[in-house]
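Okay, so here's the structure we're looking at.
The values are calculated or read from the model by the stated rules, or taken from the named source; none is laboratory data. This one's a predicted model, so the numbers in the text were calculated from it and none came from an experiment. Cβ placement follows ideal geometry from the backbone for every residue including glycine, while neighbour counts extend to all protein chains displayed. Ligands, DNA and RNA are excluded from the accessible area calculation, which covers all protein heavy atoms including side chains. Shrake-Rupley method; radii C 1.70, N 1.55, O 1.52, S 1.80 Å.
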Amino acid sequence: MMMKRKWIILTMLFVIPAMSLTVSCAKKPVATVPSAAEIAAEEAAAEEAVRQAELEKQREIESQKQLEAERLAAERAEQLKAEAIERDMMMAMNRFLNENVSFEFDNFTLDYQAQELLKQKAVWLRDNPDANVVIEGHCDERGTNAYNLSLGERRAESAKMFLVNLGISDTRLTTISYGEEKPVDMGRDEESWAKNRRAAFVLE
Amino acid sequence: MFRRRLTIALSVLLLLLPWPVAAMPYDYIDISNPFLRKTPIAVPVFKSATHDPAAMAAASVTSARLAYYLNFTGYFTLSDPGAFLEDPQNMNITGSGLRYRNWTAIGAEMLVTGSVVIRDDDTEFELRLFDTIKEKMLVGKRYRSTADNYRQVARRFCSEVIFAISGSRGFFDSKIAFVSNGTGHKEIFLCEFDGSNVRRFTRHKSISLFPDWSSDGRWIAYTTYADRGPKIRIQHVRENRVAKIDKPGLQAVPAWVPGKFELAASLSFSGDQEIYLLTGNGKVIKRLTSSAGIDVEPTWSPDGRRLAFVSKRSGSPQVYIYDTVSGRVQRLTFEGRYNTQPSWSPKGDRIAYSAMNNGVIDIFTINPEGGEPFQLTENQGTNEAPTWAPDGSLVAFSSTREGKSRIYVMTAYGTDQRRLFTLSGEQSNPKWSPNIFNP
């Protein structure tokens, strides 16, 4: 608007003296004086340039925004993937640490289920070559505590030897027997006793 | 802490009268079961001068303690003082003037008399044991003691009484170690043979188990998790001295060799559990067992020649005996599928152990040469961990008969079962010491 008014004032400035000159000497050239139409065109062109610049700027911003969004999306995807891997690893570790090898009463032999579980543990140990592990041997409360201490030691050793035979280095595996001293379930029924007869895995 | 530091100050024992030292026929107790028929005994309050309150107090305390100790042995029943026909303060207490019939009339077959005189710092006791039926004195002793040692006087004389009737010196200088979790952790505690004077021995705030006394009573070996266990510590009872065993793996259930500064224990450093002989400083001398699988809980014959232990070599836990001279191993228990915790009597004639049948554990004894097991506990909760008094007359054990696991004592024949003490938490793994004369 300001520009427009400027142009109008400027135009008036030229047009009025020009008209007075034409009256006095008609032979004088008139080319140097822009016509009103020319002035309007110039005005429109300038306006168009400004508009174009504006649009260009807008496009630039839009494009920047899109790039940023793309980058964020890629980043989030990567993060989710990492989180998923992390979660899987945590789950694998929790499984490794929380799933105990079970035994029958007064027994330290590994049944089919125990062997399958130990094979899974061997996989984890291979996936985590820096992990050193303590295998704890435990018993239920029945029987006498000195014998149970010995029995717990045999249980831990059974689990260790199975893993060593699967190729896990025995330097990564130590055993400790807690006998009947550390039950996980204080109940006095077969369900509780079965939980307590275990080889448990702890990170060193 | 140890109240018997002045034991040595105890006076020389003095024989009062000429005494037939010749081989005494111990016909006072029935050898097949001495606790079946208890001998009625009267222990009137000792005589003292009525104008001396200190002597009267010493007489009353010591005669009561003597009666309590005699009753504790399981050999006697105490005659009721209310039925006495004699006035303890006015009767004649020497053999010549005793009116035996006044004692046989109330059923007392034995009689203890005593007198107490205090001179300066010394208290003098004259104590006698009579057979009221045969009308003769069996023991006569004079003791001189300081006021803080009256307990010791009672113990010394009880030891004489038991020697006169059974031929063994009793257990009056013994203690019992045990495990208690009253502090929230399993720690080793000690007490006197009668359950008095309980005090804590370990402060590991860990799990400590299986105490065992050296023959001189100066050392206790035990298993503890204080060093990321289970590891054995050999610890002095009174001084700050400890030895450990420098071997990896399990170290469990130590057993001192009688009369030696050596012990046996299960070690698994070879990859398999075996029982080893060790020095009292924890150095391996040699391996004793050689069998794959569980070998644990050694206990020595009193001559140190043979070793009973638990092995799973036949499939179930059973007691075996290893002869250190011949090297032969023989299975001892055959009944049932769970026989553990063997404990060889200091007399040598029996091995006590615990057997689990239908989930219930009870205590049995068996002749080391084999034979029929003899059941000592029955229908009273779970009964475990038998351990013999040094004369083989009593067995201490843990039982859940009152709910919580506590320490009890009974005779070698299973009679007179009683709780030794009440303590917070639960108690287990009792181990009776030898008689300790120079702690």
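Quick look at the numbers
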item: Check: the protein assembly as shown dipole with +1 on Lys, Arg Cβ and -1 on Asp, Glu Cβ, in debye; result: 1520
item: By average C-beta atoms within 10 angstrom, highest first, the peptides B:352-364, A:97-109; result: B:352-364, A:97-109
item: Cross-link partners of residue B:205 among aspartates and glutamates (Cα-Cα below 12 Å; sequence separation of 8 or more within a chain); result: B:187, B:227
item: Buried solvent-accessible surface, both chains (B, A), 1.4 Å probe, Å² to nearest 100; result: 2100
item: Reach of residue B:283 by Cα under 26 Å, taken over lysines that are not fewer than 8 positions away in the same chain; result: B:231, B:244, B:247, B:260, B:431
item: Value of Rg to Rh for the range A:100-203 (Rh from inverse mean 1/r over Cα pairs, i.e. Kirkwood); result: 0.97
item: Rotationally averaged projected area of the protein assembly as shown (alpha carbon convex hull; nm²); result: 54.4
item: Rounded accessible area per residue of chain B, 1.4 Å, Å²; result: 41
item: Residues along the range A:144-159 losing 50 Å² or more of accessible surface when the other protein chains are present rather than the chain by itself (probe 1.4 Å); result: A:144, A:145, A:146, A:147, A:149, A:150, A:153, A:154
item: Efficiency of FRET between residue A:87 and residue B:290 - r from beta-carbon atoms, R0 41 angstrom, step 0.05; result: 0.20
item: Solvent-accessible area, 1.4 Å probe, carbon plus sulfur percent, for chain B; result: 50
item: Model label zone, residue B:401; criterion: amide N under 13 Å from point 7 Å along Cα-to-beta-carbon; scope the range B:350-375; result: B:362-363
item: Qualifying lysines (Cα of each under 18 Å from Cα of residue A:160; at least 8 residues distant if same chain); result: A:119, A:121
item: Over the range B:390-439: Kirkwood hydrodynamic radius from C-alpha pairwise inverse distances, Å; result: 11.9
item: Two-site label geometry, residue B:314 and residue A:134: point separation in nm, points 7 Å out along Cα→Cβ; result: 3.7
item: Translational diffusion of the range B:136-253, µm² s⁻¹ [Kirkwood Rh, Cα pairs; Stokes-Einstein; 20 °C; 1.002 mPa s]; result: 129
item: Label-point separation in nm, residue B:78 to residue B:244, each point 7 Å along Cα→Cβ; result: 4.8
item: Dimensions (Å) - chain B, Cα atoms, principal axes, largest first; result: 73, 45, 43
item: Helix B:53-72 vs. chain B, principal-axis angle (Cα, 0 to 90°, nearest 10); result: 50
item: Value at 222 nm in deg cm²/dmol, rounded to 500, when DSSP H runs of n ≥ 4 in chain B each add -39,500 (n - 2.57); result: -3000 deg cm²/dmol
item: Projected-area average for the range B:175-432 over all orientations - Cα convex hull basis, square nanometres; result: 12.7
